[in-house]
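*Asks:* Dropping a structure here in structure tokens format, bear with me for questions.
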């Protein structure tokens, strides 16, 4: 059973959680915990960085936010636009992201897992490139 198929545990709705949710709702691109914390602090919210990390991890565990690793290895988060399993095409320059389905990747993953006797397999695939807007810039 994948994280998205597991029952969602209801988390207590705290002021800090509401503040994190609000920033994520306003953000289309992926954002790091540090960036999110900085936005909260600039708005006068008294939310600690550790609370931001815990909240984002809980949201990721529940399948409510997507997580990807940036080129530098940092985790970045954003609200899921799709409920089903998907992948991301991410611009290296501006961070613009497109959610994409990958049926060929899903078939390949299942085939490789079966070939090696693996079960309950999960995977993450992020594709990095340069978006058309950034490619047109010099």
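*Asks:* Residue pairs, Cβ under 7 Å, 6 or more apart or interchain, first in the stretch 115-130 and in the same structural domain as residue 89 (by TED's automatic domain parsing), second part of a loop (DSSP other than H, G, I, E, B) and surrounded by 10 or more Cβ atoms within 10 Å (Cβ to Cβ). List them.
*Replies:* Short answer, once both residue conditions are applied: 122/2; 125/102; 128/92; 129/92; 130/92; 130/93.
*Asks:* Among 26, 22, which is closer than 26 Å to residue 127 by Cβ and outside the structural domain of residue 125 (by TED's automatic domain parsing)?
*Replies:* After applying the criteria, what remains is 26.
*Asks:* For residue 68, are the conditions met, namely being outside any helix (DSSP H, G or I), farther than 21 Å from residue 36 by Cβ and either assigned by TED's automatic domain parsing to the domain that holds residue 35 or in contact (Cβ under 8 Å) with a residue 40 or more places away in the chain (or both)?
*Replies:* Values: outside any helix (DSSP H, G or I): yes; farther than 21 Å from residue 36 by Cβ: no; either assigned by TED's automatic domain parsing to the domain that holds residue 35 or in contact (Cβ under 8 Å) with a residue 40 or more places away in the chain (or both): yes.
Against the criterion (outside any helix (DSSP H, G or I), farther than 21 Å from residue 36 by Cβ and either assigned by TED's automatic domain parsing to the domain that holds residue 35 or in contact (Cβ under 8 Å) with a residue 40 or more places away in the chain (or both)), residue 68 does not qualify.
*Asks:* Mind listing whichever residues of the stretch 71-89 are in a strand (DSSP E or B) and either touching a helix residue (DSSP H, G or I) at 6+ places or on another chain (Cβ under 8 Å) or modelled with pLDDT of 85 or more (or both)?
*Replies:* 75, 76, 77, 78, 79, 87, 89
*Asks:* Restricting attention to the stretch 25-38, which residues are crowded, with 18+ Cβ neighbours inside 10 Å and part of a helix (DSSP H, G or I)? Break it down into steps so the answer makes sense when it comes.
*Replies:* Initial filter on the stretch 25-38 (crowded, with 18+ Cβ neighbours inside 10 Å): 30-31, 33, 36-37.
Those that are crowded, with 18+ Cβ neighbours inside 10 Å and part of a helix (DSSP H, G or I): 33, 36, 37.
*Asks:* Looking at this structure, is residue 46 without any contact (Cβ under 8 Å) to a residue 24 or more places away in the chain, surrounded by fewer than 18 Cβ atoms within 10 Å (Cβ to Cβ) and out of contact with any helix residue (DSSP H, G or I) (no Cβ under 9 Å at 6 or more places or on another chain)?
*Replies:* When the stated conditions are applied, residue 46 does not pass them.
*Asks:* Could we say that residue 136 is farther than 30 Å from residue 14 by Cα, in contact with a strand residue (DSSP E or B) (Cβ under 9 Å, 6 or more places away or on another chain) and exposed (fewer than 12 other Cβ atoms within 10 Å of the Cβ) here? Outline the logic, then answer.
*Replies:* Details: farther than 30 Å from residue 14 by Cα: yes; in contact with a strand residue (DSSP E or B) (Cβ under 9 Å, 6 or more places away or on another chain): no; exposed (fewer than 12 other Cβ atoms within 10 Å of the Cβ): yes.
When the stated conditions are applied, residue 136 does not pass them.
*Asks:* Kindly indicate the residue of the stretch 91-137 that is part of a strand (DSSP E or B) and more than 19 Å from residue 64 (Cα to Cα) and also modelled with the highest pLDDT among those meeting that condition. Give the steps one after another, and end with the answer.
*Replies:* Within the stretch 91-137, the subset part of a strand (DSSP E or B) is 91, 97-100, 126-129.
The next check asks that each one be more than 19 Å from residue 64 (Cα to Cα); those that pass are 91, 127-129.
Values: 91: 87, 127: 87, 128: 88, 129: 91.
In this case the residue turns out to be 129.
*Asks:* Moving on to the next point. Would you confirm whether any residue within the stretch 68-84 is surrounded by fewer than 11 Cβ atoms within 10 Å (Cβ to Cβ) and farther than 24 Å from residue 134 by Cβ?
*Replies:* yes
The values are calculated or read from the model by the stated rules, or taken from the named source; none is laboratory data. Since this is a predicted model, take the numbers as computed values, not measurements. Because the Cβ atoms are built from the backbone with ideal geometry, glycine has one as well, and the counts that use them run over all protein chains shown.
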